[in-house]
1. If you take all C-alpha pairs in chain A, what percent of them are over 19 Å apart?
2. Taking amide H positions as placed 1.01 Å from N in the peptide plane, with prolines and chain starts having none, which residues 5 or more places from A:Ile63, or on another chain, fall under 5 Å of its amide H?
3. When Cβ neighbours within 10 Å are restricted to other protein chains, what is their mean count per residue of peptide A:35-41?
4. Per residue of region B:95-105, what does 6.51 cos²θ - 1.76 cosθ + 1.60 with θ = phi - 60° give for ³J(HN,Hα)? Whole Hz please, x for Gly and Pro, Karplus curve as stated.
5. Other chains near A:8-18: what is the mean number of their Cβ atoms within 10 Å of each residue's Cβ?
6. Let me know the shape class of region A:1-79, please: from the alpha-carbon gyration tensor, a ≥ b ≥ c as square roots of the eigenvalues, rounded when a/c is under 1.5, otherwise prolate if a/b is greater than b/c, or oblate.
7. Amide H neighbours of A:Lys148 under 5 Å, counting only residues 5+ apart in sequence or on other chains, H built in-plane at 1.01 Å?
8. Cα to Cα, under 19 Å, and not fewer than 8 places away if on the same chain: which aspartates and glutamates meet these conditions relative to A:Lys129?
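Every number here is computed from the coordinates shown, using simple stated rules; none is lab data. Worth saying up front: this structure is predicted, and the values here are computed from it rather than measured. Reconstructed Cβ throughout: ideal geometry from the backbone, glycine too, with neighbour counts over all protein chains shown.
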Amino acid sequence: MTSLRRTPLAPDALDAIDRAIINRMQDGLPLVSHPFAALANDLGLDEDTLITRIQAMREIGAITRFGPFYDAEAMGGAFCLCAMEVPAGRFDAVMTLVNAHPEVAHNYERTHRLNMWFVLACEKAAQIKQTADQIERETGLPVLLFPKEHEFFIGFKVTA
Amino acid sequence: MTISALDRRIIAATTGGLPLTPAPFAEVAGWLGVTEDTVIDRMTAMQGAGVIRRVAIAPNHYALGLTANGMSVWDIDDALAIDLGAQIGALEFVSHCYLRPRADGWPYNLFAMIHGHNRDEVETLRAQIATLLGPSCRASDILYSTRILKKTGLRLTEGGL
């Protein structure tokens, strides 16, 4: 997998058809033998042209992936957002200790007194607390747990 | 739902994405030695159960100019939290919206991730949320990420995730 592009593309990198493809294809494809064919028709394209354009947009980094979006929680996993207040002088050392845990799925430095925010992903709910306790022992710093209590439906779409 | 051994193989084969070919499910079926109909049936069942949210493209926010994001956090009245959270989640610039427990020194119970073209725009959008919440909001803050310290994909092990 190529690394994620973090800079904007030139404004003329995508044309109106590319933008229409991105806007439409965030909503989901039908699970049928030829999923691009039906969609291509809606967009006034043929199947090959649609696939070629998606390929080209993936190559320039406008699209990061095409495929199923899995809800890991629905598969039985346990997740928890956690935060720590890490003294500036110890930041890199604590980061190394935290990141060494395979349960740490992602970790961000943020602008706040609580300056380290990470997500624990475990097979079983009990492992969340165990892992957090272990990180507290290793670092000598408290780990605050922010489990999801309610998730709201999201209408977010990137308008290309 | 119970994830079968075949489901698990389909998941493992497709977490990285589907091939960009006219019949992508047939190609996955070929990798796994099953029929195209079997792959489509199992993925349809997983979508019905919410294990698959959708089969779609993921645009790159950064490439499309949405380079700024901030985790906005709000202390709102618990009695109104479900109603107000639903309104905030529905905003087109909010990509994640959750209720989470408060903690010592942390009065915020609503988390909403805001995306914009720059930090000024994110602040303007944050002000829109503040207006929407009105007096039901007692305090708020926003946390910008300054560094990604670790990022991994979905992990699959023998027993489960």
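1. 67 percent
2. It is A:Arg58, B:Asn60, by chain and number.
3. Mean inter-chain Cβ contacts per residue within 10 Å come to 2.
4. These are the phi-based 3J(HN,Hα) values: 9, 9, 8, 9, 9, 9, x, 6, 9, 4, x Hz.
5. Rounded to a whole number, the mean comes out at 2.
6. Oblate.
7. A:Leu81
8. A:Glu73, A:Glu85, A:Glu103, A:Glu138, A:Glu149, B:Asp104
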